[in-house]
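These notes are about the structure you will find just below.
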């Protein structure tokens with residue numbers, strides 16, 4: 001009777017390691033663009049929330065003080081964007097308004113543009129004529145949001 005000795009092989013062969021590395025590489029190639037797009041979308045969504053908050057605050061200020069509020073977009077040398085609003089003093093009022101400009105910085109990775117330099121909200125909080133703000137991701141130009149101010 002013949003006895004066969006079975007030795008068990010341990011570890012990976014070179015071919016198995018190459019196949020595993022190739023599979024991981026393929027997954028990474030498809031995952032990185034998707035992850036980048038999601039990051040860009042998240043940054044733009046955060047910027048939209050900041051803008052909506054700034055606009056609501058500006059409208060409320062205009063209504064409360066029955067005066068015009070001026071919105072403007074500033075772009076820094078480093079491509080950073082900020083939405084600011086400044087309260088215009090009432091023309092015929094004894095009420096003193098002591099306001100400095102309120103600034104709302106936009107997250108890095110997002111560029112904010114407006115269709116004009118100065119956007120004026122009247123005393124009822126309306127924008128006449130309507131204005132448009134555009135947020136664009138600096139990492140993925142296809143990720144953008146438009147906000148219409150009326």
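Each value in this text was obtained by applying a stated rule to the coordinates, not by laboratory testing. From a predicted model like this one, the values you see are computed outputs, not experimental measurements. Quick reminder, even Gly has a Cβ in these numbers, built from the backbone with ideal geometry, and neighbours come from all protein chains shown.
From the helices alone, meaning DSSP H stretches of at least four residues, give me the mean residue ellipticity at 222 nm for the chain, per-run term -39500 (n - 2.57), in deg cm²/dmol to the nearest 500. -13000 deg cm²/dmol, from helical runs alone.
Roughly how tilted is helix 14-65, in degrees to the nearest 10 and between 0 and 90, from the longest Cα axis of the chain? For helix 14-65, the angle is close to 10 degrees. With the simple model of a label 7 Å out from the Cα in the direction of the Cβ, residue 118 to residue 41 spans 4.0 nm.
Distance between the pseudo-spin-label points of residue 141 and residue 63 (7 Å out from Cα toward the beta carbon): 4.0 nm. Here the gap between residue 19 and residue 70, fully extended at 0.36 nm per residue and compared with their Cα-Cα distance, gives a gain of 12.2 nm. Equivalent ellipsoid of the chain: semi-axes from √(5λ) of the C-alpha gyration tensor, largest first, are 60, 14, 12 Å. Entry note, the chain: relative contact order of 23 percent, from Cα contacts under 8 Å with a spacing of 6+ residues. Each of 108, 46 was scored by other Cβ atoms within 10 Å of its Cβ. Arranged with the fewest first, they read 108, 46. Of the residues 69, 136, 24, the one that moves most in a GNM of the chain with alpha-carbon contacts below 10 Å is 24.
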